[in-house]
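Chemist: My structure is below; once you've seen it, I'll send some questions.
Computed from the coordinates by the stated procedures, all read-outs in this text should not be read as laboratory data. Only a predicted model underlies this, so the values are computations on that prediction, with no experimental measurement involved. Glycine also receives a Cβ, built like all others from the backbone with ideal geometry; neighbour counts cover every protein chain displayed.
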Amino acid sequence: MSVIADLLLITGALFCFLGALGLLRMPDVYNRIQAGTKAVTLGILALLVGVGVEHPEWWPKLLIVGLFVLLTNPIGSSTLARAFHRAGVPIWQKQEDGS
Amino acid sequence: MTRQIQHVTLTFVLAFVFWLLLVGSVTGQEVVAGLLVAAAVAALNADRPPVLAGLRLSPMAPVAFVLYLVTLLRALLRANLDVARRVLTPSLPIRPAMVRVKTSLRSDLGRLVLANSITLTPGTLSVDVDDDAVVVHWIDCAPGTDLEAATRAIAADFERHLRGFLT
Amino acid sequence: MNLDVVDGIVLALLGAASALALLRLWIGPHAPDRIVAADTLSVIATGAIVILALLFDSALYLDVALLYGVLAFVGIVALARAIEGDAS
């Protein structure tokens, strides 16, 4: 049991780290949102399931936190992306100077 | 009128289930308090636009919902491996583009869930919702792609299951 | 609270993730980049608070995590609205 929990916790933390790394490496704001949202959402879910395996009596609250993250994280990201799109932030193209 | 009754009932049930999950136990006091709070929430929100009106309540709806969840989790897993690969590759293999994905879902809730799902799918991010289309930022659009077919592929999988329980 | 190797790895990874997000928050270069960094940072913090619940063995931290998540979401949506208002 504890091994499964440990694996889930490390996987979750690893995906959070990869998301943050993507945030740093990607060239423009839309790509950063992509890397940040997806990896971090799965990371948090894995962390929550890992905690749930070690503390089965916490599952109702973990379920709420998980559903909340699964619902609001993409919505928040899309809202931001829409705001940038409407404010005229251009998308990055490889042909240009690449900055 | 019946639409409003349905809306209030749905709000009440959802608020009550949420309350039960939050307190994490089913004892007398908490059920009574939960019923009161859920009723108050439903009453206070009765005049708001019915966000949940897009729900289609039919015997097959729960099946479609479960199928949708499975599709979503599979897509989420693939999306993460995809992002991890791109982030860890030194040359950063991305070719971003904005594309429009047409949808046949009519209700606000349906489009919200679809846009949300697209954000969690590999390589795509919902940016805006027009009349009948979702504007999507696509991270890896190969030059010369058949846009029409490719954009259909982005949404088709989710729409098939979503149409089971949303309009 | 006694930490084992796994807890150490998890905390190190989450700490590194927060540091990277903070770095993006710091170097920008523009406001949108900083807002996205703050958004990601807040979600990572939510996960870190859940880990704290595990380490301190107290379910109270889960409520803290939930509230933190709600407030972060409201803040992000408010910021997005503000940017859109500027444009139109």
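Chemist: Any idea what angle helix B:2-23 forms with the longest principal axis of chain B, computed on alpha-carbon atoms, 0 to 90 degrees, nearest 10?
Modeler: 90
Chemist: Okay, next question. Going by how many other beta carbons lie within 10 Å of each one, how would you line up B:Trp138, C:Trp26, B:Trp19, fewest first?
Modeler: By the 10 Å Cβ count, ascending, the order reads C:Trp26, B:Trp19, B:Trp138.
Chemist: If you add up the charges near B:Leu10, with Lys and Arg at +1 and Asp and Glu at -1, over every other residue whose beta carbon is less than 14 angstrom from its beta carbon, what do you get?
Modeler: +3
Chemist: Still on this structure, I have one more. Given the Cα atoms of region B:2-48, and with Rh set as the inverse mean 1/r over their pairs in the Kirkwood sense, what is Rg to Rh to two decimals?
Modeler: Across region B:2-48, the Cα-based Rg/Rh ratio is 1.03.
Chemist: If you don't mind, another one. Shielding of B:92-99 by partners, i.e. mean partner chain Cβ atoms within 10 Å per residue?
Modeler: The per-residue average across the peptide is 4.
Chemist: In addition: Sort B:Tyr68, A:Tyr30, C:Tyr68 so the one with the fewest other Cβ atoms within 10 Å of its own Cβ comes first.
Modeler: In increasing order of surrounding Cβ atoms, one gets C:Tyr68, B:Tyr68, A:Tyr30.
Chemist: To check you understand DSSP bridge types, tell me what percent of the beta bridges within region B:61-162 (both residues inside) are antiparallel, rounded to 5.
Modeler: Of the beta bridges lying entirely in region B:61-162, close to 90 percent run antiparallel.
Chemist: Something else now. Tell me, B:Thr2, C:Thr40 in order of fewest to most beta-carbon neighbours within 10 Å?
Modeler: B:Thr2, C:Thr40
Chemist: Of all beta bridges DSSP finds with both residues in the protein assembly as shown, what is the antiparallel percent, to the nearest 5?
Modeler: 90
Chemist: Then there is this: On a 0 to 90 degree scale, rounded to 10, what angle separates helix B:147-162 from the longest Cα axis of chain B?
Modeler: 20
Chemist: Could you work out, residue by residue across C:63-72, how many beta carbons of other chains sit within 10 Å of that residue's beta carbon, and then give the average as an integer?
Modeler: Average neighbour count from other chains, rounded to a whole number: 3.
Chemist: Please name which of A:Ser78, A:Gly19, A:Gly50 has its Cα lying farthest along the dipole of region A:2-86 towards the positive end, using unit charges on Cβ (Lys, Arg +1; Asp, Glu -1) and the Cα centre as origin.
Modeler: A:Ser78
Chemist: Quick one: among C:Val74, C:Val43, C:Val64, which has the greatest mean-square fluctuation in a GNM of chain C with alpha-carbon springs under 10 angstrom?
Modeler: So, out of C:Val74, C:Val43, C:Val64, the one fluctuating most is C:Val74.
Chemist: Which three lengths, in whole Å and largest first, does the protein assembly as shown cover when its Cα atoms are put on their principal axes?
Modeler: Here the spans come out as 66, 57, 38 Å, largest first.
Chemist: Quick check: from the Cα gyration tensor, does chain B come out rounded (a/c under 1.5), prolate or oblate?
Modeler: Taking the square roots of the gyration eigenvalues as a ≥ b ≥ c, chain B is prolate.
Chemist: Working out 0.36 nm times the residue gap between B:Asp157 and B:Leu69, then minus their Cα-Cα distance, what length gain in nm do you get to one decimal?
Modeler: 30.5 nm
Chemist: So what is the diffusion coefficient of chain A in µm² per second by Stokes-Einstein at 37 °C and 0.692 mPa s, using a Kirkwood Rh over Cα pairs?
Modeler: It diffuses with D of about 220 µm²/s by this estimate.
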